[in-house]
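Trainee: Can you keep this structure in mind? I'll have questions shortly.
The values are calculated or read from the model by the stated rules, or taken from the named source; none is laboratory data. Since the model is a prediction, treat every value here as computed from it, not as a measurement. In this analysis, Cβ positions are derived from the backbone assuming ideal geometry, glycine residues included, and neighbour counts consider all displayed protein chains.
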Amino acid sequence: MEISGFGTVLLFILGGLFFIIVALFMGKLLRPNHPNEEKMTTYESGEEPVNNAWGAFNVRFYVIALIFILFEVELVFLFPWAIVFADADLITTTEGLWGWFALIETIIFVLILVLGLAYVWANGMLEWERPVIEKNTFVSQVPQKFYTRLNDKYS
């Protein structure tokens, strides 16, 4: 019995899903699980949370994420492209013209990527400003030695 091209794709999808499910199950089974207060805190891009999680995020976070995905996806296209353009039969059949065509196409593609990066960079879309956290100016009526004693007791 011969499997069609769609059957092969289906087998790869099913094999991939099986691998993912087995890997996640084995990870859950084998990993240590010791949750504590520090591990359960919110963590976002190296920034300590200062407000409620439902607050508004800086739009630049999303812009940088979209730019990253755009360039990453376009870079992934270069690998299969290189395989197709490196076909030795086509290069010998066209007496080397196919190789030059492939090189020029790749240079144009990379130049478009560089142009897009220059545009994004020139418009300041890659700049990241850290939020300025104002120092608390509250003066407590409780003496400092009480806080020190309390901290020493519970640390």
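Trainee: Being modelled with pLDDT of 80 or more, under 20 Å from the mean Cα position of the chain (by Cα) and of a type in the set (Phe, Trp, Tyr) is the requirement here; does Trp121 meet it?
Mentor: Answer is yes for this residue.
Trainee: What do you reckon, is Glu2 modelled with pLDDT under 80, of a type in the set (D, E, K, R) and not in a helix (DSSP H, G or I)?
Mentor: no
Trainee: So, Asn52, is that one at pLDDT below 80, closer than 30 Å to Glu127 by Cα and surrounded by 11 or more Cβ atoms within 10 Å (Cβ to Cβ) or not?
Mentor: On the way: at pLDDT below 80: yes; closer than 30 Å to Glu127 by Cα: yes; surrounded by 11 or more Cβ atoms within 10 Å (Cβ to Cβ): no.
Judged against the criteria, Asn52 is not a match.
Trainee: Taking only segment 76-104 into account, find how many residues are in contact (Cβ under 8 Å) with a residue 24 or more places away in the chain and either loosely packed, with under 10 Cβ neighbours inside 10 Å or among the aliphatic types (A, V, I, L, M) (or both).
Mentor: Residues meeting the conditions: 2.
Trainee: Going through segment 82-117 one residue at a time, which ones are in a helix (DSSP H, G or I) and polar (S, T, N, Q)?
Mentor: If the condition is that a residue be in a helix (DSSP H, G or I) and polar (S, T, N, Q), then Thr92, Thr93, Thr106 are the ones that fit.
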